């Protein structure tokens, strides 16, 4: 991976593109803290359903009474110190397929190798490597909505990474910003590419970001030898204390861009809610 960017410089460069994040949450019908209005994601036209009817079934709702959680102060005593503690915390934050809706199922493989870490090399090709020193634990889960009834397969992944502290998780977000600047075109694997990538970042309190310490979103197009395309690709990452959470979604034929964004928002906000519940100081 190339050298890290200065965070203030990276934010300044991406500020003009920062409306991507605000637009993402507006599309999905969310409140300022990133949770869906009324406790559930909206039902944009083209949202996949089990019967193949556009807009028939939105992603799953947040638990009743827990959708609006203010930004709590971090309780540093709850931060994991060991790999075992980090993996335990990670397991309580990452979502399962049920959190995204009844149409979403597990892919094979379902979970990433816990000892490996994705790295974007100098040629803008994604590789895997051993975990860096600043990562205690990370995991990615893979889901999809099966193709059928005139629509293609929608692929979704959820990632949680646990660092030692807030500074390290902040640098992870900085690296994400650097990657989209350095590589607006990236190869996932043979026959699969991301193109025309651009992104934006907002600290807590900037624009619509009232739900995470640092929010980053990346948008572009996905093209696959088997899946076709180009189709909508969106990555959304959020930070709370030593934890980052992220959702990536790739659209398909017959699926609207709004539907793809709704799944991204639903997954990211749910995992951020879990992180706040696990690491935040109790009210009162």
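If you build the convex hull over the alpha carbons only and average its shadow over all orientations, what do you get for the range 140-284? Give it in nm² to one decimal.
9.6
Just want the ordering: 115, 236, 176, from fewest to most Cβ atoms lying within 10 Å of their own Cβ.
115, 176, 236
Based on the inverse mean of 1/r over its pairs of different Cα atoms, what is the Kirkwood hydrodynamic radius of the range 141-198, in Å?
Taking the inverse mean of 1/r over all distinct Cα pairs, the range 141-198 comes out at 14.2 Å.
For the range 217-284, max minus min Cα coordinate along each principal axis, in Å, sorted largest first?
Sorted largest first, the three principal extents are 52, 19, 16 Å.
To make sure I understand, if each residue's beta carbon is the centre and we count other beta carbons within 10 Å, what order do 159, 108, 217, 128 fall in, fewest to most?
108, 128, 159, 217
Please report 173, 82, 256 as a ranked list, fewest other C-beta atoms within 10 angstrom at the top and most at the bottom.
The order, fewest Cβ neighbours first, is 82, 256, 173.
I'm a student and want to see the number: the projected area of the Cα convex hull of the range 94-167, averaged over all directions, in nm².
Taking a quarter of the hull surface, the average projection is 6.8 nm².
Looking at the range 86-219, what % of the alpha carbon pairs are farther apart than 25 Å?
For the range 86-219, the share of Cα pairs beyond 25 Å comes to 35 percent.
Have a look at the range 153-231 and give its Rg and Dmax from the Cα atoms, expressed in angstrom.
My reading of the Cα-based Rg and Dmax gives 14.7, 42 Å.
Coordinate-derived values only; no laboratory data. Keep in mind it's a predicted model, so treat the numbers as computed, not measured. In this analysis, Cβ positions are derived from the backbone assuming ideal geometry, glycine residues included, and neighbour counts consider all displayed protein chains.
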